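The values are calculated or read from the model by the stated rules, or taken from the named source; none is laboratory data. A quick note: this is a predicted structure, and the numbers were derived from the prediction, not measured. Every residue, glycine among them, receives a Cβ derived from its backbone with ideal geometry; neighbour counts consider all protein chains shown. Each accessible area value is taken on the protein alone, full model and side chains, heavy atoms only, with ligands, DNA and RNA left out. Shrake-Rupley method; radii C 1.70, N 1.55, O 1.52, S 1.80 Å.
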Amino acid sequence: MIACRSIEFVAHILPGQAWKGNIIEHHVSRCASCRAKLDVQDEARRYVIKPDDITSSDKIWATVRAEIQEGSRRQMRRSLPAGGVWKIAACLAAAAPLVFFVILVTRPARSIVPRPKGSMIEDFRLDSVEAWGKPVSPVIYQARDSQIRIIWIKQL
Amino acid sequence: MDESAIIRRCLGGDSASFQQIVNNHTPHLMAAAMTVLGNRQDAEDVCQETFLQAFHHLSSFNGDRNLRAWLYTILYRRCLNAVKKRKKFTGVLGRLKTESMPLMSSGDSRPGDLEVLPAELYRALSPKERTVLSLWINEGYKAVEIAAILGCPSGTARYYLFTARKKLRALMEKTHDSLPKH
């Protein structure tokens, strides 16, 4: 009995629980008294909850099934990962000033100086125009960056 | 149908087959969860979470391992989390009586032959000791199997088992003079 208590005391003061367990196991395997003391399995059966005491598992399955079905519905509904829309929106908002800056820099510069008359329609020229048998003065107009040319005539 | 076939069917998208796994293992998991947590409601919540986690991670289940032992591993971690949450909750509320949550709360549908010891057992044993005790008594697991579930060395599981059995013996002797004394 003293030996049993000593072993228990030594096991108690040891730091690691694995060591404690091994020492006690070693002792119990050799000590009939301690083995008998710890042989409570049959008596203890009366006191701990046993699987036979659990009458129904329907409620658990109902909840689990509902969760599984809801989970699969959510998965189908959700084409983007959680918060994906917000992440994309934030990225776009962050990228917008950069894109604007790039466009501004790479855009071809427009001349603010009006082009000379001659260069406007280099491929198009009217030498002389007659209207109703009389010579008239033509005026050619082409808007900047436009392919449409408007011609009107003035009586001389 | 054996469990490996059920698992294959579940992995193939037949979630209804999972019902058989739930029905087979619920009584065992509930018994362990109620022993660890001390009340039916928390035990049901933990069991549901365990089955859901198992369902979603069924592909990671090693077929060589015992399914129930795998479920117990998940359940054990869930139970410890529940105990931690409860501790935080009771701490915030100024140590709201945890003693008011006896193992057999009213409304638990239990056969009447069980005695009053569980409430004392619940107070005397740590959650780990209660887990070890439940696995040892209900499943007949040895220290090595219990250690695999708890994720600890087998020596540690042995120590938990030793302390749990010792406390249980002391409680039984206290409440039942009729038990043989050594």
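The table that follows gives values for the structure above.
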| item | result |
| --- | --- |
| Local net charge near residue B:71, Cβ-Cβ under 12 Å (Lys/Arg +1, Asp/Glu -1) | +1 |
| Accessible heavy-atom area order of B:72, B:160, highest first, probe of 1.4 Å | B:160, B:72 |
| Probe 1.4 Å - accessible area at residue B:71, Å² to nearest ten | 0 |
| Proximal charge balance of residue B:8 [Cβ under 14 Å; K/R count +1, D/E count -1] | -2 |
| For B:25-36, mean number of other protein chain Cβ atoms within 10 Å | 5 |
| Pairwise centroid distance, computed over Cα atoms, of region B:1-64 with region B:143-157, Å | 21 |
| Protein accessible surface hidden between B and A, which excludes ligands and nucleic acids, total in Å², probe 1.4 Å | 4300 |
| Ranked by how many other beta carbons lie within 10 Å on average, peptides B:79-87, B:44-52, B:122-130 from highest | B:44-52, B:122-130, B:79-87 |
| Reduction of at least 50 Å² in accessible surface, 1.4 Å probe, comparing all protein chains with the chain by itself, residues of region A:15-32 | A:17, A:24 |
| When each of B:84/B:142; A:20/B:166; A:87/B:87; B:128/B:167; A:20/B:85 is checked by Cα-Cα distance, pairs over 25 Å | B:84/B:142; A:87/B:87; A:20/B:85 |
| Nearest-0.05 FRET efficiency for residue B:9 and residue A:30, computed from C-beta distance (R0 51 Å) | 0.55 |
| Extended-chain gain in nm, criterion 0.36 nm per residue less alpha-carbon gap, residue A:103 and residue A:3 | 27.1 nm |
| Shielding by partners - mean other protein chain Cβ count within 10 Å, residues of A:84-94 | 0 |
